[in-house]
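As structure tokens, the structure follows; a few thoughts come after it.
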Amino acid sequence: MKFDARALRQFVSARRWPMFVIGILMMSITAQGIMVFIATRPNSPQPIEDYYDRSLAWDAEAAVIAASRDLGWRVKIDIPQGKQYAVTAQRPVDVTIVDRSGQPVTGLIGQLHAERPADTRKNSHSYLIELPHAPGTYRTLARLAAPGLWTFNLDTRVGKTRFVDSSRVVVPDSGRGAND
């Protein structure tokens, strides 16, 4: 059996446009399949919880952020080192808050929201407890399931005054304990 190039050219020439359309459709189906695969992988970034409700409250939150900034309070976040923690364990996080003049701010009640921009399934929140021996310093136990960049959103109140702050913090590897 001999290869007939002329017959192949005629076959392709007669069906060029249908093959072109089928080729474009196959590329589109393949691209959509790849995007669905990437979006549904276990380690793909997840959408923000309650994103619609949060968007509706954006103006009110922006006003609270501006009022907090006007207070002039400064926040220092410290993650104590020296102890190994399992991935599922809660780690201590110390939050120190001072006012404009450098005096400690005491009596705050609130939460620390730890958000992992790369993987929102690791987000957590925990309550702040004021340390009695260190005025203006609060401790919480946060579940920081991975080292790397985290966003710590602080939401506190003292009386009728609400104070919020957002900080980007690099959480070091804890050495991972035996309970991994």
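FYI, it's all coordinate maths here, none of it is from the lab. Source: prediction; values computed, not measured. Neighbour counts are summed over all protein chains in view; Cβ atoms, including those assigned to glycine, are modelled from backbone coordinates with ideal geometry.
Of the complete DSSP H runs in the chain, those spanning 27 angstrom or more by Cα along the long axis with a mean Kyte-Doolittle score not below 0.5 are 16-39. Which residues make up the longest stretch of the chain that has no trypsin sites (Lys or Arg not before Pro) in a DSSP loop with at most 13 other Cβ atoms within 10 Å? Answer from the scan: 16-82.
Express in nm, to one decimal, how much length is gained between Ile77 and Val64 on full extension, taking 0.36 nm for each residue of separation and deducting their alpha carbon distance.
Length difference between fully extended and current span is 2.6 nm.
Straightening the chain between Ile24 and Ala118 buys 30.5 nm, computed as 0.36 nm per residue apart minus the Cα-Cα spacing. If R0 equals 41 Å, the separation of the Cβ atoms of Arg100 and Asp173 corresponds to a calculated FRET efficiency of about 0.70. Label-point separation (nm) for Arg41 and Trp17, each offset 7 Å from Cα along Cα-to-Cβ? Computed distance between label sites Arg41 and Trp17 equals 4.1 nm. Comparing Asp70, Asp155, Asp78 in a Gaussian network model of the chain where C-alpha atoms under 10 Å apart are linked, the largest mean-square fluctuation is found at Asp70. In the set (i) 9, 37, 37, 15, 1; (ii) 10, 42, 40, 8, 0; (iii) 8, 25, 24, 14, 8, 7, 7, 5, 2, 0, the label that goes with P(r) over Cα pairs in 10 Å bins from 0, in percent computed for this structure is (iii).
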